[in-house]
């Protein structure tokens, strides 16, 4: 019998504890400026991610309108970045 790779053990432990979901959320927070660009990131701050909904605090109504028009593009870019569906909707605050 071959020993199990440590990476498999770690993934299993993270999954059982639910920490894998939190890590996935933090990855989006960490890469937000690269995903949307520094200009948008300076006007739109991530607040939370819950059940596939990304909550974003926007600096003003003009940026809220702009981002609402870009919602599909941003969602696609996030999911493409991580090769899986992590976000299905964006809620602008």
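Every number here is computed from the coordinates shown, using simple stated rules; none is lab data. As the structure is a computational prediction, the values presented were derived from the model and not from experiment. Every residue, glycine among them, receives a Cβ derived from its backbone with ideal geometry; neighbour counts consider all protein chains shown.
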Please work out the FRET efficiency for the pair residue 21 and residue 64, using the Cβ-Cβ distance as r and a Förster radius of 35 Å; give the result to the nearest 0.05.
0.80
DSSP beta bridges in the chain [antiparallel fraction, %, rounded to 5]
60
As a test of the formula, what do you get for the chain when each DSSP H run with n ≥ 4 contributes -39,500 (n - 2.57) and the sum is divided by the residue count, at 222 nm and rounded to the nearest 500 deg cm²/dmol?
-18500 deg cm²/dmol
Please build a GNM for the chain, connecting alpha carbons under 10 Å apart, and tell me which residue among 35, 13, 78 fluctuates the most.
13
Would you look at the GNM of the chain, springs on alpha carbons closer than 10 Å, and say which of 15, 42, 59 moves the most?
15
proj_area_mean for the chain (convex hull on C-alpha atoms), units nm², value 6.8
Going by alpha carbons, how many degrees (0 to 90, nearest 10) lie between the helix axis of 19-36 and the longest principal axis of the chain?
40
